[in-house]
Amino acid sequence: MPTLNTSTLATPAQQLAPAALTPAAFAAFGTVLQAPPGPGHLINAGTSERFDLVDDLCLGQQGGRAQMALFRAQARQFPVALEEMERHQLGSQSFIPLGRRRFVIVVAAAGLPPQASDLRAFVSNGLQGVTLAPGTWHHALMAVDAGDFLVVERASSAADCDTWLLTTPPCLQWSPED
């Protein structure tokens with residue numbers, strides 16, 4: 001899909017700091033992938049616990065199919081100017097760290113293209129992943145810790161990615177020691 005906006009980027013005018021990634025705080029944007037409190041369902045003759053996290057990844061719309069990819073991410077240096085957001089309207093997108101890998105996820109509600117004031121930022125504890133609900137605006141993967149991430153998303157012959165350039169890019173302020 002074409003880029004929605006090609007506006008000129010301005011100097012960062014607003015600062016954004018990520019909050020801890022919790023299921024309640026992230027619920028409007030998708031699902032936090034982590035073992036829930038309490039016991040899971042015992043399987044494999046009692047040698048494993050199963051925790052069902054997302055019932056439907058919504059990847060089959062308009063002939064789509066599930067695709068797994070490995071993203072090898074470099075650690076980002078903060079602060080970061082948040083210039084571009086993207087969304088996938090026809091399916092979810094999941095980011096799952098392989099090993100203890102923290103990352104920052106910047107999101108905005110599905111719907112109209114976001115403005116800087118609409119953005120929310122969260123930082124994973126390194127053991128959490130996320131599944132973004134279809135249509136959720138998000139920034140590209142920002143790894144705090146370099147390494148591999150499993151990405152599950154909708155694949156199709158037609159791209160499902162709208163991009164939006166923020167007219168006034170906010171600056172993501174954060175220290176990995178926080």
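The values are calculated or read from the model by the stated rules, or taken from the named source; none is laboratory data. Computed from a predicted structure; not experimentally measured. No Cβ is skipped: glycine too gets one built from the backbone with ideal geometry, and neighbour counts run over all protein chains shown. Surface areas here come from the heavy atoms of the whole protein model, side chains and all, with no ligands, DNA or RNA. Shrake-Rupley method; radii C 1.70, N 1.55, O 1.52, S 1.80 Å.
Once region 46-84 is narrowed to residues that are touching a Phe, Trp or Tyr at 6+ places or on another chain (Cβ under 7 Å) and within 23 Å of LEU33 (Cα to Cα), the residue that is surrounded by the fewest Cβ atoms within 10 Å (Cβ to Cβ) is PHE71. LEU112 meets all of the listed conditions (1) part of a loop (DSSP other than H, G, I, E, B); (2) in contact with a strand residue (DSSP E or B) (Cβ under 7 Å, 6 or more places away or on another chain); (3) of a type outside the set (Gly, Ala, Ser) but one, namely (2). Residues in region 26-64 that are touching a residue at least 60 places away in the same chain (Cβ under 8 Å) and among the hydroxyl-bearing types (Ser, Thr, Tyr): THR31 only. Could you tell me which residue of region 118-146 is nearest to the chain's Cα centre (by Cα), considering only residues that are of a type in the set (Gly, Ala, Ser) and either over 22 Å from THR31 (Cα atoms) or open to solvent by 30 Å² or more (accessible area, probe 1.4 Å) (or both)? Step by step, filter region 118-146, then rank; the result is ALA140. Applying the set (1) hydroxyl-bearing (Ser, Thr, Tyr); (2) open to solvent by 10 Å² or more (accessible area, probe 1.4 Å); (3) part of a strand (DSSP E or B) to SER94 leaves exactly one unmet item: (2). Can you tell me which residues in region 20-43 are outside any strand (DSSP E or B), of a type outside the set (Gly, Ala, Ser) and either within 19 Å of GLN93 (Cα to Cα) or open to solvent by less than 100 Å² (accessible area, probe 1.4 Å) (or both)? Across region 20-43, the qualifying residues are LEU21, THR22, PRO23, PHE26, PHE29, GLN34, PRO36.
With respect to the conditions (1) touching an Asp or Glu at 6+ places or on another chain (Cβ under 7 Å); (2) not in a loop (DSSP other than H, G, I, E, B), MET85 lacks only one, and its number is (1).
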